[in-house]
Amino acid sequence: MSKRPLSLAASPSSKRTRTAAATFNPRKIASSAAAAATDADPPLLKLLKAVKDGVPTPKKGDSVVYWMRMGDLRISDNRALSLASAHAKKDNVPLVVLFILSPQDWTAHDRAPRRIDFTLRNLALIKLSLAELHIPLHTVTQPNRRAIPQQVLSFLDSLNAFAVYANIEYEVDELRRDVAICNGAKSKGISATFAHDKCVVEPGVVVTGQNKSYAVYTPYQKAWLSKLNANIPYYLEDCPPPRANSESVRGSPKFGALFDTPVPVSVAGFELDPADRAKMEEVWPAGETKAQDILHRFIRTKSRSCQLGAVDPLAPGAEESDKRSRIVVYDAERDRADRDTTSRIRCVKFSFMCNAKSATRSTARKVDGGKTTGIGRWVQEVAWRDFYVCVLAGFPRVSMGRPFLEKYANVRWEGPPVEETAYTATPGSPSPTELALAAANIEKWKSDGYFMEKLIDGDLASNNGGWQWCASTGVDPCPYFRADPTGNFIRQWVPELGAVRGPDLHDPSASIATKLGYPLPVVKHNEARDRAIRRFKDPGAA
Ligand SMILES: Cc1cc2nc3c(=O)[nH]c(=O)nc-3n(C[C@H](O)[C@H](O)[C@H](O)COP(=O)(O)OP(=O)(O)OC[C@H]3O[C@@H](n4cnc5c(N)ncnc54)[C@H](O)[C@@H]3O)c2cc1C
């Protein structure tokens, strides 16, 4: 075992200090009663009501503010930014962009230092692009997350703003915070708009006959696709880009200084080791142009075995092909972990740039969501992402540290070997198959927190949904994969088995394992399966 390069337990990538956690220990698991009460009165509905009941005609003022959050780090096709810009132009006032760095929120939500680093790298580029439009991006660090509503309201006051815009974040804490901001803005005569922009089809549109969120994927996906195809211009249209402020804003005493607030290179408690930072820059490059290039590669070029693991997604040598491009053969190849078969737009898609919408739009005018084509299969995966956001919005318990199926809250878990390679394979963001392999046997639904601290694209809805799916405590359970037919994936990441060929690679016998220094199974799967069935039938049982 000494040659093993990385392990789940020994793969920390950051210098994340204990200080932040030591001084701030938020409760991450709500009581079942609190979760049930929140399910019964979802905060998303409260926010939508607060927006609806807000100020219809705002007071006159000097500016409009767009509050950018970590989930929408892009200038193009950004609904709230676009609306804010149009409002500013209509009233002939400057548009100002605000970004609040909130380390307490990051600690509370297990944000990975890699994700913070990725955010800062992108913010720096966004600041430059906005400055070309004479739009200031003002960054501010708020050490006390409870003070954020007041801070936003004071900022609006300081600029004599009459409108604030943001895209909705669907997690419970964020929704409650935004309700407070809506109410505070209303009392000041300021209009507050919170727009849907995370999903292709926003939560609340695809619902069951009883007007509830779906909890089963297949009927959800069918309804999602028909909604989408019934109104392609609405769902897939590009929001207009922001328009430039007058250059005179730079000389204004009120706005000029906002151009000077720097985007920090790192934030205390969330720093990356320089080597990991350099690797992340290579594997997950920042910027909208790179994101479009990554998407273009997926749509136009073939997969390559040399692109296994943590590599530059835009490395030269990709071969263009109409018939064998990654998206065209996605249905047949997506589960393979031994090549770059998936899009690798995971951080791209959810945090910024070509978000899920524009990615979907790139495929066709009428969206194919069937199982028999690569494009259709891929669109189905994008629908999974929307599905999990709808689950989070409709059943907010899952963002409160509770399982979707409350009765499985006390099931006991245990765990084992090859699957651990999955996490180490693509540091920052394993592919769906790698993640499912990792999830297949280790600590189950509660492990989402561990992974959130490592993922560059850690997203509560997808991560929690993926974990609970793997653990059978969530919606639509029980995966299986034929992920590594060549064995290259295992050989790459488990050097002890580097010389093994054939079926032994996937299931080394005790004699082979002992000879090669590979550990014997920690878990006997047959016995573990019996135990798991027993525990699911009787949660809490030994
Ligand atoms: C245990 C587990 C944990 C996960 N944690 C996260 C997470 O923290 N953040 C995150 O963004 N995704 C998560 N996923 C979903 C998925 O694995 C990642 O989005 C993946 O990194 C996407 O890689 P890709 O862009 O190459 O995918 P592709 O195969 O190209 O899929 C295209 C897009 O569809 C969506 N998608 C694909 N598979 C899933 C899925 N299973 N669930 C939800 N959306 C999906 C993603 O937006 C993805 O970019 C998790 C999956 C599992 C099984």
Residue in region 264-273 that is loosely packed, with under 15 Cβ neighbours inside 10 Å and either within 19 Å of the chain's Cα centre (by Cα) or part of a helix (DSSP H, G or I) (or both) present: no
All positions within region 81-95 that are open to solvent by less than 10 Å² (accessible area, probe 1.4 Å) and outside any strand (DSSP E or B): L81, A84, S85, A88
D530, sole failed condition from (1) part of a helix (DSSP H, G or I); (2) modelled with pLDDT of 80 or more; (3) not aromatic (F, W, Y): (2)
Where a residue in region 73-99 is more than 21 Å from T261 (Cα to Cα) and its partner, wherever it lies, is open to solvent by 20 Å² or more (accessible area, probe 1.4 Å) and part of a helix (DSSP H, G or I), with Cβ under 7 Å and at least six apart: S76/E288
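Going through region 386-402 one residue at a time, which ones are within 14 Å of the ligand (Cβ to nearest atom) and within 16 Å of V216 (Cβ to Cβ)?
Listed by number, the residues that qualify are D386, F387, Y388, V389, C390, V391, L392, V398.
To keep it simple, each residue is scored yes or no on (1) polar (S, T, N, Q); (2) under 26 Å from the mean Cα position of the chain (by Cα); (3) surrounded by 15 or more Cβ atoms within 10 Å (Cβ to Cβ); (4) not assigned by TED's automatic domain parsing to the domain that holds L153.
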position: A35; (1), (2), (3), (4): no, yes, yes, no
position: D41; (1), (2), (3), (4): no, yes, no, no
position: K52; (1), (2), (3), (4): no, no, no, no
position: V55; (1), (2), (3), (4): no, no, yes, no
position: R69; (1), (2), (3), (4): no, yes, yes, no
position: D72; (1), (2), (3), (4): no, yes, yes, no
position: R79; (1), (2), (3), (4): no, yes, yes, no
position: V97; (1), (2), (3), (4): no, yes, yes, no
position: P103; (1), (2), (3), (4): no, yes, yes, no
Tally of residues being assigned to a loop (DSSP other than H, G, I, E, B), in contact (Cβ under 8 Å) with a residue 12 or more places away in the chain and open to solvent by 40 Å² or more (accessible area, probe 1.4 Å) across region 245-260: 2
Every residue from region 187-211 that is among the acidic types (D, E) and in contact (Cβ under 8 Å) with a residue 60 or more places away in the chain: D197
Sole exception among (1) under 17 Å from the mean Cα position of the chain (by Cα); (2) within 18 Å of D117 (Cβ to Cβ) for I345, by number: (2)
Filter result (surrounded by 15 or more Cβ atoms within 10 Å (Cβ to Cβ), of a type outside the set (D, E, K, R) and on the phi < 0 side of the Ramachandran plot) within region 274-295: M280, V283, W284, P285, A286, A291, Q292, I294, L295
Every residue from region 275-298 that is basic (K, R) and in contact (Cβ under 8 Å) with a residue 60 or more places away in the chain: R277, K279
Single unsatisfied condition, Q210 versus (1) in the same structural domain as R79 (by TED's automatic domain parsing); (2) outside any helix (DSSP H, G or I); (3) surrounded by fewer than 21 Cβ atoms within 10 Å (Cβ to Cβ): (1)
Count of region 96-110 residues which are in a loop (DSSP other than H, G, I, E, B) and not hydroxyl-bearing (S, T, Y): 2
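The values are calculated or read from the model by the stated rules, or taken from the named source; none is laboratory data. As the structure is a prediction and not an experimental result, all values here were calculated from the model. Counting neighbours? That spans all protein chains shown, and the Cβs are built from the backbone with ideal geometry, glycine included. Ligands, DNA and RNA are excluded from the accessible area calculation, which covers all protein heavy atoms including side chains. Shrake-Rupley method; radii C 1.70, N 1.55, O 1.52, S 1.80 Å.
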